[in-house]
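K.L.:
Here you go, one structure.
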Amino acid sequence: MSEFHDRELYTGAAVRELERRACAAGDLSTYTLMERAGAAAYAELRRRWPAVRRLAVVCGKGNNGGDGYVLARLAKAEGLEVTVLQVAQHG
C-alpha cells in the first residue's frame with residue numbers, strides 16, 4: 001500500500017493560496033519558492049534512492065511544473081540521465 005494513502009490532496013486553488021501566503025510571510029518570490037521546492041524534492045529523491053542513475057520527471061503546467069524542471073536540472077547537473085515529460089501545454 002502506498003505511504004501516501006492517508007494524506008490529503010490539495011486543489012490547485014488551495015496550493016496557489018498556500019504559495020501566496022508562504023511568499024508573503026517570508027518575503028519570497030515565487031521563483032525562490034519554486035527553486036526551494038525543486039531542491040527539496042531532489043534531496044528527498046536522493047535520500048530515498050541514492051543509487052538511482054536514470055530519472056523520468058513528469059511536469060504539468062504552472063509553478064508546480066516548474067518544481068519538476070528544477071529537480072530535473074539538479075539531477076542532470078549531478079550526472080543522472082534525465083528525461084522530462086511535459087504533460088500540459090504552457091500558455
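K.L.:
Using only Cα atoms, tell me the angle between helix 30-48 and the longest principal axis of the chain; keep it within 0 to 90° and round to the nearest 10.
P.N.:
Roughly 40 degrees between the two axes.
K.L.:
Nearest 10 degrees, 0 to 90: what angle lies between the long axis of helix 63-77 and the longest principal axis of the chain (Cα atoms)?
P.N.:
30 degrees
K.L.:
With +1 on the Cβ of every Lys and Arg and -1 on the Cβ of every Asp and Glu, and nothing else charged, how large is the dipole of the chain about its Cα centre, in debye rounded to the nearest 20?
P.N.:
260 debye
K.L.:
Quick check: convex hull of the Cα atoms in the chain, volume per residue, rounded to a whole Å³?
P.N.:
132 Å³
K.L.:
I'd like to know which of THR83, LEU45, THR30 lies farthest towards the positive end of the charge dipole of the chain, counting +1 on Cβ of Lys and Arg and -1 on Cβ of Asp and Glu.
P.N.:
Sorting the options by dipole projection puts first THR83.
K.L.:
What does the extension gain come out to for ALA77 and ALA43, with contour length at 0.36 nm per residue minus their alpha carbon separation?
P.N.:
The span from ALA77 to ALA43 would gain 10.9 nm if fully extended.
Every read-out reported here was derived from the displayed coordinates using simple, explicitly stated rules and does not represent laboratory data. From a predicted model like this one, the values you see are computed outputs, not experimental measurements. All Cβ positions, even for glycine, are placed from backbone atoms using ideal geometry, and neighbour counts span all protein chains on display.
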